[in-house]
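A.B. asks: Below you'll find the structure I mean.
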Amino acid sequence: MTQEQALIPQLIINRGNKVLDNCLSIVFGVVLLSLLAQIAIPLPWTPVPITGQTFGVALTALLWGRKRGLAVVMSYLAVGALGLPVFAMGTAGLAVGPTFGYLIGMMVASYWMGFLSDSGWTKSLFRTWLAAVSGSAMTFGFGVLVLSIFVPAKALLVSGVLPFLPGDAIKTVLVTFIVFQIQRSVENGLKK
């Protein structure tokens, strides 16, 4: 079993690993992810908008670790499925539609990136970036797989991948620096 080396689990463990701390961390993660999802830019040629969700998933996975990161994303999906307007552009409800694969991909990616974080990858800038990139690839993979049901094969790259790559590159670099800096700052503060 991988020791939880991600930042949030370490902080919670240092505080005694109390149920309340764990619950609050999940609630905070869901709120953060919900707020970031509201950063959305619809594109006229695709049913998939550019959103801050993938940034939020990477941020929570890399800071919260595999168990809590997955719990954040699953809780986020659950509250959205129950009708709270937490998804991009204030939408709610889960149905198999053009963006469903991206949501499933975010869940899988959160576990994977969290696993890498728990394995100590966020202690290296390059490995933090690799973890974030691999999570993005998983999200795109699941997203395009389901999108292929709704969009002709010849339009998949234009509808589900290419318009998102520049923003995804920026989000990946940004989340890498944020996670790495927070990790270093907290570790340096704990050493003092």
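The values are calculated or read from the model by the stated rules, or taken from the named source; none is laboratory data. Because the structure is a prediction, the values reported are computed rather than measured. Here Cβ is always computed from backbone atoms with ideal geometry, including for glycine, and neighbour counts include all displayed protein chains. Keep in mind that these areas ignore ligands, DNA and RNA; they rest on the heavy atoms of the full protein, side chains included. Shrake-Rupley method; radii C 1.70, N 1.55, O 1.52, S 1.80 Å.
A.B. asks: Taking the Cα of Arg184, stepping 7 Å toward and past its beta carbon, and measuring to each backbone N in the range 1-35: which are under 17 Å?
C.D. replies: Counting only backbone N, you get 7.
A.B. asks: Charges on Cβ only, +1 for Lys and Arg, -1 for Asp and Glu, centred on the Cα centroid of the chain; of Ile26, Ser159, Ala109, which one is farthest towards the dipole's positive end?
C.D. replies: Among Ile26, Ser159, Ala109, the one farthest towards the positive end of the dipole of the chain is Ile26.
A.B. asks: What percentage of the solvent-accessible surface of the chain, computed with a 1.4 Å probe over protein heavy atoms, is contributed by carbon and sulfur atoms? Let's see the in-between values first.
C.D. replies: On the way: 6990 of 9410 Å².
Carbon and sulfur: 74 percent of the exposed surface of the chain.
A.B. asks: Evaluate the distance, in nm, between pseudo-label points positioned 7 Å from the Cα of Ala137 and of Val27 along their respective Cα→Cβ axes.
C.D. replies: Roughly 3.8 nm, to one decimal.
A.B. asks: For the range 105-119 and the range 127-192, what is the separation of their Cα centres, given in Å?
C.D. replies: Computed from Cα coordinates, the inter-centre distance equals 11 Å.
A.B. asks: Further question on the same structure: Residues of the chain: accessible area per residue at 1.4 Å, in Å²? Spell out each step's value before the answer.
C.D. replies: On the way: 9410 Å² over 192 residues.
Normalised by residue count, the accessible surface of the chain is 49 Å².
A.B. asks: Given the options Leu103, Leu36, Leu174, state which has the largest fluctuation in a GNM of the chain using a 10 Å cut-off (strictly under) for Cα springs.
C.D. replies: Leu174
A.B. asks: With angles folded into 0 to 90 degrees, how steeply does helix 165-191 sit against the dominant principal axis of the chain? Use alpha carbons for both and round to 10.
C.D. replies: 10
A.B. asks: Principal axis extents for the range 23-179, Cα atoms only, whole Å, descending order, please.
C.D. replies: Projected onto its principal axes, the Cα set of the range 23-179 covers 41, 34, 21 Å.
A.B. asks: Roughly how many debye, to the nearest 20, is the charge dipole of the chain about its Cα centre, given +1 on each Lys and Arg Cβ, -1 on each Asp and Glu Cβ, and no other charges?
C.D. replies: Roughly 400 debye for the chain.
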